[in-house]
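Worksheet for the structure shown next.
The values are calculated or read from the model by the stated rules, or taken from the named source; none is laboratory data. The structure displayed is predicted, hence computed values, not measured ones. Glycine gets a Cβ as well: all are built from the backbone with ideal geometry, and neighbour counts include every protein chain shown. Just the protein is used for accessible areas: all its heavy atoms, side chains included, with ligands, DNA and RNA removed. Shrake-Rupley method; radii C 1.70, N 1.55, O 1.52, S 1.80 Å.
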Amino acid sequence: MSAVTRKNRDGRTRARLSSGKAGSLLRLVFSLAITFFGLLLVTFLIGRVLPIDPVLAAVGDRAPQAVYDRVREEMGLNLPLWQQFFIYISNILQGDFGRSVLTSNPVLEDIKRVFPATLELATIATIIGVILGIPAGVFAAINKGKWPDHVVRVIGLAGYSMPIFWLGLMGLLVFYMKLDWVAGPGRLDAFYVDFIEPTTGLMLVDTLIEGDMDLFWNAVSHIILPASILAYFSLAYIARMTRSFMLEQLSQEYILTARVKGISEHRIIWRHALGNVMVPLVTVIALSYANLLEGSVLTEIIFAWPGLGLYITNSLLNADMNAVLGGTVVVGAVFISVNMLSDVLYRFLDPRARR
Amino acid sequence: MSSETLLTVKNLEVTFNTPKGKVHAVRGVSFDLGRERLGIVGESGSGKSQTGRAILGLTAANGTIRAEKMQFRDVDLANLKPKQWRKVRGARISMIMQDPKYSLNPVMTIGDQIIEAYREHHKVNAKEARLRALEMLEAVKIRDPERVFNAYPHETSGGMGQRVMIAMMLIPDPELIIADEPTSALDVTVQLQVMAILDDLVRDRGMALIFISHDLQLISSFCDRVLVMYQGHVVEELRASELHNAKHPYTKGLLNCLPKMDGDHSDLPTLEREASWAEG
Amino acid sequence: MTTQISTAKPGLKQWLTSDTPQSRWQAKCGRAWLGWIKFSENKLAMIGLSVVVGLILVTIFAPLLAPYDPLAANLANRIQPPSGDHWFGTDQLGRDILSRLIYGAQYTLLIVGLVAITAAPLGLLVGTAAGFFGGWIDAVLMRITDVFLAFPKLILALAFVSALGPGIENAILAIAITAWPPYARIARAETITVRKEDYIEAARLQGTSNFALIIGHITPMCMSSLVVRVTLDMAGMILIAAGLGFLGLGAQPPMPEWGAMVSDGRQFLLEQWWVATVPGLAIFVVSLGFNLLGDGLRDVLDPRGGD
Amino acid sequence: MIEISKLNAWFDDNHVLKDVDISVPANGSFGLVGESGSGKSTVLRTVTGLVDDWEGTITVKGKKLGPKRDKDFYRLAQMVFQDPFGSLHPRHTIDRILTEPVNIHGLGNSDARVVEALTQVGLDNAFRFRYPHQLSGGQRQRVAIARALILEPKILLLDEPTSALDVSIQAEVLNLLGRLRRDLGLTYIMVSHDLAVVAHMCDDIAIMNHGRIVERATAGQLAEGTLEHPYSQQLYKAAGGYDRAVVDTFVDWD
């Protein structure tokens, strides 16, 4: 090690991944690949330790031993573990997650069908969370220690503390069953379901494409309650982080500089301080978005929302491991990608991170 | 210098409410300022910086400023509303702070920050403001103003950052500049270069300057008059050229305890503090 | 030492707030006292603390507090509304909901306690080691952390529980496995900021071993933010545990676990709303208690206020 | 006591020390002066083993140093850092800060040693169980010196020990350091950006710029101002305070 570096030193050409823009991007992609590999390894191992026999699940428990052995061989289960893992990875890289026992479709096809529903829900929730959460956090920070701060703090902490399945049930009880302000479970009323051909899979977009406003408003009234409930969590998180970032920035010396210049308080808060807050806040928003994508499981169950969370849970309860592991890999991959995206965005927003 | 008085401060008091009780940072400071360079010198905790900030009404939220009189030309600084303060800050009184690493906004370009300072007080279009900002960068002897204009603060060195700071604070053409340890974060030679730039600009534009520093030697070689502060009080006021005739034991002690390049390795005289100094 | 304490006795408070402590013990007490003063000024945090203390007391004294046997079914007395006999009514098997709530507290406390004492030290160890040694140790440990962080928390817990079989032990294990990565991240970040501090280098220059540096010098600097984060996370763990219970993957019937109780009440939601509402409120209150406590601790221990 | 020759050091790809030679006799006091980035502190950090990537020879008390420092080295040479607010562990009492090195080296009798070290630096025993934040800057620096002394070293490496202090406190600490060197027969290498401080404290002085020693002088030569290298002359002039005419003669040494 030291001999090599010493030799290269005088030419000052030590090869380092971190040097240069391309290098740092390369490093990012590299760590992404490693993380994804780890994700596959863990899902593979979970699939292995499961007490559920995948052969039995495929052939049924009344199949003769010969059939059982043949299927076992077909599934590659008699190979050494590392070979099985290799096959698993190469299948997944080709988009082959196996077939779902429950729906008897290829798992990838199932995921393509259900994912837009989750995406739609999480996106609307995040938009609501950002629109309300950032101003609430700023408002709390500039009134630190006064009642607006306490109100935002209590609302936020309550959001963190609410069991989401319970809040969903209570929401349904009050706004659907008692008040009838919103529509109930599902993405559309049962009556409408066959009217719409999925183009993008996003109900609000599809109905607009078809130009059917009745359908559109029906979809809105279905999504508004689950999205608001998810948004509450995202709002609580974003508001809290905005507040603490904001307080940190407001105590910085450049804020004093701006005051010395005679800049208005309004501009100091929204241009100077928030400009700096946005840098770390992007990561927070990305994280909360990724969390909603994965965390909507319970909400989807309560609202019978045909998304990824409901799909994974149903498969899980029916021992449909291909579907569970496939779903987990997809959610994990989305999570990793969103994180990487926020990393790239961070570099873009913070001049200090650019090169 | 000229006999015209710009600023009169009488019995200035700055008090902070801390969890441990009240802290009196400044206790009864009075002085008059003409078109001159006034140095305020003192050790940490002497209240010198808080005196400077109080003149701009920028004491932290947990502090209160009280003064019998704080008159800047036609403005009564002791009784200003936030809106009126904004017309004074930057436009008429400005301040240069210690470390450009912290006192410039890290996510705004240097050009934008200078333009912001200018347009807050001068109604001009963007093109005109840009021109003025570039001129100003040239005036603080930055060799490549275009490049620095588009740069972010972290891309500049300490000395260059402080020149940018000077450009930003002088561009609205204020009458009084308060410089709060403007060069303590810099290396000695850079420190003097930055001071020379400040020196020239203040002289050319006929501005008054309050220079706050812990460095008695530096301040006496740069200013016309020096206030020596100790624990919130002004213990002595003297002409910079008369420093060697200082009368107060604190001032004398400060001068004596500096190591000198005379080849003498024997112990330095130390400063024996007396409680009576803090009673003013 | 004891004599010194007694001579300083004129007031305990004076002893605690002394500027010139006479012993290590007094210095430590004085520090703790100042922290407590600051903490107790925060009313919300005190509410949180009392909820948590209340939870512990209820767990300990459950047999004395509960008016009925939590498991005793009485089909003649099914889904009764709240009354003088049954303050929170009865469930679908005629069991007293209040008694079930009281006995259910122990599961919540057990889950939170076990996860905290397993996940937090693990995260601390991984994070400080990664941050302190840097290089390939850091790279390997942090990639592993990232992998676990990339997993959807609830789904990973679901997968583990379904792999290992439903039950409270497996729920705890599953939650612990998903809980440690953020602690490792925090500990690493703190370690990296203090690693290059002069006081660490000074200790190194006195011949302090790496192990002693991590344990004696770096860990104390990570503790504040870690304690805050763990307390706040306890609220989240309660919610995940309840979520697993709700899905039937946590504590198994007839155990009176709060999440499962909400699930039981789901079918009677419209007419007998209290069956689902009351245990949900209990989860909410306890979770809020931990959140308030953590938030207050943050103000005392971690003045920077970041997450 | 200390012989350094052809010392080179690198931070990543930056060559921060270039062929530095220093020789300090026993009970001598050597001063290194330079501006930020001159590499003056790196010399000390390399000697103490805080810099990994270096070449050259460092001989301390006749023993050539390898890549790693052993416990014996730390009993022989100790360092005092610049910032007294950063060099004491914020969660440890003064007592613990001073006791720990005694225990690490198994010297025993830690109570008496702690008291003695505090007395040596002029601190009352009342400070013993305080935390660093309860002390002033000067008191903290005294504790840092006590920590260095408690292992009874022969060499103190002083990295700008007074630059974070007020001048009146600086005088007290410099006097303390001078007295300790006389009384305990210590050998010093002192790093500072302040020519006057170094001139006051040291017999031999080296002026550094960009990792290189550009000039060597004795305290007597400094007193007379007979420096030859233009960079040292500039530094010397700058130490004299502000003079508009002198500033115009300055050259950037980048």
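Does B:GLU43 count as in contact (Cβ under 8 Å) with a residue 40 or more places away in the chain and outside any loop (DSSP other than H, G, I, E, B)?
Against the criterion (in contact (Cβ under 8 Å) with a residue 40 or more places away in the chain and outside any loop (DSSP other than H, G, I, E, B)), B:GLU43 does not qualify.
Take B:VAL23 and tell me if it is in contact (Cβ under 8 Å) with a residue 40 or more places away in the chain and either closer than 22 Å to B:TYR250 by Cβ or in contact with a Cys (Cβ under 6 Å, 6 or more places away or on another chain) (or both).
So B:VAL23 fails the test.
In region A:55-76, how many are within 14 Å of A:GLY98 (Cα to Cα) and open to solvent by less than 70 Å² (accessible area, probe 1.4 Å)?
Summing the residues that are within 14 Å of A:GLY98 (Cα to Cα) and open to solvent by less than 70 Å² (accessible area, probe 1.4 Å) in region A:55-76 gives 4.
Picking from B:ILE219, B:ILE210, which residue would you name as being more than 11 Å from every other protein chain (Cβ to nearest Cβ) and crowded, with 21+ Cβ neighbours inside 10 Å?
Being more than 11 Å from every other protein chain (Cβ to nearest Cβ) and crowded, with 21+ Cβ neighbours inside 10 Å holds for just one of B:ILE219, B:ILE210, which is B:ILE210.
Counting only residues that are open to solvent by less than 30 Å² (accessible area, probe 1.4 Å) and in contact with a helix residue (DSSP H, G or I) (Cβ under 8 Å, 6 or more places away or on another chain), how many does region D:128-148 have? Full working, then the answer.
Step one: filter region D:128-148 for residues open to solvent by less than 30 Å² (accessible area, probe 1.4 Å), giving D:128-129, D:131-132, D:135, D:137-138, D:140-141, D:143-148.
Filter once more, keeping what is in contact with a helix residue (DSSP H, G or I) (Cβ under 8 Å, 6 or more places away or on another chain): D:128-129, D:131-132, D:135, D:137-138, D:140-141, D:143-147.
Qualifying residue count, region D:128-148: 14.
I'd like the full set of residues that are touching a strand residue (DSSP E or B) at 6+ places or on another chain (Cβ under 8 Å) and either at the interface with another protein chain (Cβ under 9 Å from one of its Cβ atoms) or crowded, with 19+ Cβ neighbours inside 10 Å (or both), limited to region D:222-254.
D:LEU222, D:LEU227, D:TYR231, D:SER232, D:LEU235, D:TRP253
Taking region A:284-318 as the search range and keeping residues that are outside any helix (DSSP H, G or I) and farther than 17 Å from C:ALA157 by Cβ, which one is nearest to the other protein chains (Cβ to nearest Cβ)?
By that ranking, first place goes to A:ASN318.
Quick one: how many residues across region B:90-123 are assigned to a helix (DSSP H, G or I), among the hydroxyl-bearing types (Ser, Thr, Tyr) and at the interface with chain A (Cβ under 7 Å from one of its Cβ atoms)? It would help to see each step written out before you state the result.
First, the residues of region B:90-123 that are assigned to a helix (DSSP H, G or I): B:100-103, B:110-119.
Keeping just the survivors that are among the hydroxyl-bearing types (Ser, Thr, Tyr) gives B:102-103, B:118.
Pick out the ones that are also at the interface with chain A (Cβ under 7 Å from one of its Cβ atoms) and you get B:102-103.
Residues that pass the stated criteria total 2.
Within region A:293-327, take every residue that is touching a Pro at 6+ places or on another chain (Cβ under 7 Å) and in contact (Cβ under 8 Å) with a residue 60 or more places away in the chain and give me the one that is surrounded by the fewest Cβ atoms within 10 Å (Cβ to Cβ). Let's see the steps before the verdict.
Step one: filter region A:293-327 for residues touching a Pro at 6+ places or on another chain (Cβ under 7 Å), giving A:294, A:299, A:303-305, A:321.
Within this subset, residues satisfying the condition of being in contact (Cβ under 8 Å) with a residue 60 or more places away in the chain are A:299, A:303-305, A:321.
Numbers: A:THR299: 28, A:PHE303: 27, A:ALA304: 12, A:TRP305: 24, A:MET321: 23.
Result: A:ALA304.
Out of curiosity, is C:ASP96 more than 24 Å from C:ILE177 (Cβ to Cβ), open to solvent by less than 70 Å² (accessible area, probe 1.4 Å) and touching a His at 6+ places or on another chain (Cβ under 6 Å)?
Criteria met by C:ASP96.
Looking at (1) under 19 Å from B:GLY34 (Cα atoms); (2) of a type in the set (Gly, Ala, Ser); (3) buried (at least 19 other Cβ atoms within 10 Å of the Cβ), which is the only condition B:SER241 fails?
(3)
Quick check on my filter: what residues within region A:143-160 are among the small types (Gly, Ala, Ser), under 25 Å from C:VAL278 (Cα atoms) and more than 20 Å from the chain's Cα centre (by Cα)?
Result: A:GLY156, A:ALA158.
With A:ALA140, A:ALA117, A:ALA158 as the choices, which residue is in contact with an Asp or Glu (Cβ under 6 Å, 6 or more places away or on another chain) and not in a loop (DSSP other than H, G, I, E, B)? Steps first, answer last, please.
Details: A:ALA117 fails: in contact with an Asp or Glu (Cβ under 6 Å, 6 or more places away or on another chain); A:ALA158 fails: in contact with an Asp or Glu (Cβ under 6 Å, 6 or more places away or on another chain).
Sole residue among the options that is in contact with an Asp or Glu (Cβ under 6 Å, 6 or more places away or on another chain) and not in a loop (DSSP other than H, G, I, E, B): A:ALA140.
Scan C:ALA174, C:ALA139 and give me the residue that is without any contact (Cβ under 8 Å) to a residue 24 or more places away in the chain and within 14 Å of another protein chain (Cβ to nearest Cβ).
Unique residue meeting the criteria: C:ALA139.
Please go through region A:211-236 and give me each residue that is modelled with pLDDT of 90 or more and open to solvent by 20 Å² or more (accessible area, probe 1.4 Å), ordered by number.
A:ILE224, A:SER228, A:TYR232, A:LEU235
Please name all residue pairs, on different chains or six or more residues apart, with Cβ atoms under 9 Å, provided the first residue is in region A:29-54 and is over 17 Å from A:GLY76 (Cα atoms) and the second residue is of a type in the set (Asp, Glu) and modelled with pLDDT under 85.
A:SER31/C:ASP146; A:ILE34/C:ASP146; A:THR35/C:ASP146; A:GLY38/C:ASP146
Could you pull out every one of the strands (runs of 3 or more DSSP E) wholly within region D:135-254 that has 1 or more residues that are in contact (Cβ under 8 Å) with a residue 60 or more places away in the chain and farther than 20 Å from D:GLY28 by Cα?
The strands (runs of 3 or more DSSP E) meeting that bar are D:204-209, D:212-218.
Taking the residues in region A:255-277 that are within 7 Å of chain B (Cβ to nearest Cβ) and farther than 24 Å from B:GLU175 by Cβ as candidates, determine which candidate is most open to solvent (accessible area, probe 1.4 Å).
Only one residue fits best here, namely A:GLY275.
Please enumerate the residues belonging to region D:65-115 that are charged (D, E, K, R) and in contact (Cβ under 8 Å) with a residue 24 or more places away in the chain.
Matches in region D:65-115: D:LYS71, D:ARG75, D:ASP83, D:ARG91, D:ASP95, D:ARG113.
Residue by residue, here is whether (1) modelled with pLDDT under 85; (2) under 29 Å from A:VAL282 (Cα atoms); (3) away from chain C (no Cβ under 12 Å) holds:
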{"position": "A:ARG72", "(1), (2), (3)": "yes, no, yes"}
{"position": "A:LEU121", "(1), (2), (3)": "no, yes, yes"}
{"position": "A:GLY129", "(1), (2), (3)": "no, yes, yes"}
{"position": "A:ILE134", "(1), (2), (3)": "no, yes, yes"}
{"position": "A:GLY159", "(1), (2), (3)": "no, yes, no"}
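Taking the stated definitions as given, is C:TYR183 open to solvent by 20 Å² or more (accessible area, probe 1.4 Å), among the hydroxyl-bearing types (Ser, Thr, Tyr) and either more than 14 Å from chain A (Cβ to nearest Cβ) or touching a strand residue (DSSP E or B) at 6+ places or on another chain (Cβ under 7 Å) (or both)?
Numbers: open to solvent by 20 Å² or more (accessible area, probe 1.4 Å): no; among the hydroxyl-bearing types (Ser, Thr, Tyr): yes; either more than 14 Å from chain A (Cβ to nearest Cβ) or touching a strand residue (DSSP E or B) at 6+ places or on another chain (Cβ under 7 Å) (or both): yes.
The answer is no for C:TYR183.
Could you count how many residues in region A:143-155 are assigned to a helix (DSSP H, G or I) and either surrounded by fewer than 23 Cβ atoms within 10 Å (Cβ to Cβ) or free of Cβ contacts under 8 Å to residues at least 60 places away in the same chain (or both)?
8
Look through C:VAL278, C:VAL262, C:VAL227 and report the one residue that is over 30 Å from D:LEU76 (Cα atoms) and more than 11 Å from every other protein chain (Cβ to nearest Cβ). Before you say what the answer is, go through the steps one by one.
Details: C:VAL278 fails: more than 11 Å from every other protein chain (Cβ to nearest Cβ); C:VAL262 fails: more than 11 Å from every other protein chain (Cβ to nearest Cβ).
Answer to the check: C:VAL227.
With respect to the numbered conditions (1) in a helix (DSSP H, G or I); (2) under 24 Å from B:LYS48 (Cβ atoms); (3) within 10 Å of chain A (Cβ to nearest Cβ), which one is the sole condition not fulfilled by B:LYS87?
That leaves (2) as the condition not met.
Does D:ARG45 count as open to solvent by 30 Å² or more (accessible area, probe 1.4 Å), under 16 Å from D:LEU158 (Cα atoms) and under 16 Å from the mean Cα position of the chain (by Cα)?
On the way: open to solvent by 30 Å² or more (accessible area, probe 1.4 Å): yes; under 16 Å from D:LEU158 (Cα atoms): yes; under 16 Å from the mean Cα position of the chain (by Cα): yes.
Against the criterion (open to solvent by 30 Å² or more (accessible area, probe 1.4 Å), under 16 Å from D:LEU158 (Cα atoms) and under 16 Å from the mean Cα position of the chain (by Cα)), D:ARG45 qualifies.
Give me a count of the residues in region B:51-77 that are free of Cβ contacts under 8 Å to residues at least 40 places away in the same chain and more than 29 Å from B:ARG119 (Cβ to Cβ).
Qualifying residue count, region B:51-77: 0.
Residue by residue through region D:4-15, note down the ones that are more than 14 Å from chain A (Cβ to nearest Cβ) and open to solvent by 90 Å² or more (accessible area, probe 1.4 Å).
Passing the criteria: only D:LYS6.
With the structure loaded, tell me whether D:GLY37 is farther than 24 Å from D:ARG181 by Cα, away from chain C (no Cβ under 14 Å) and without any contact (Cβ under 8 Å) to a residue 24 or more places away in the chain or whether it fails that test.
no
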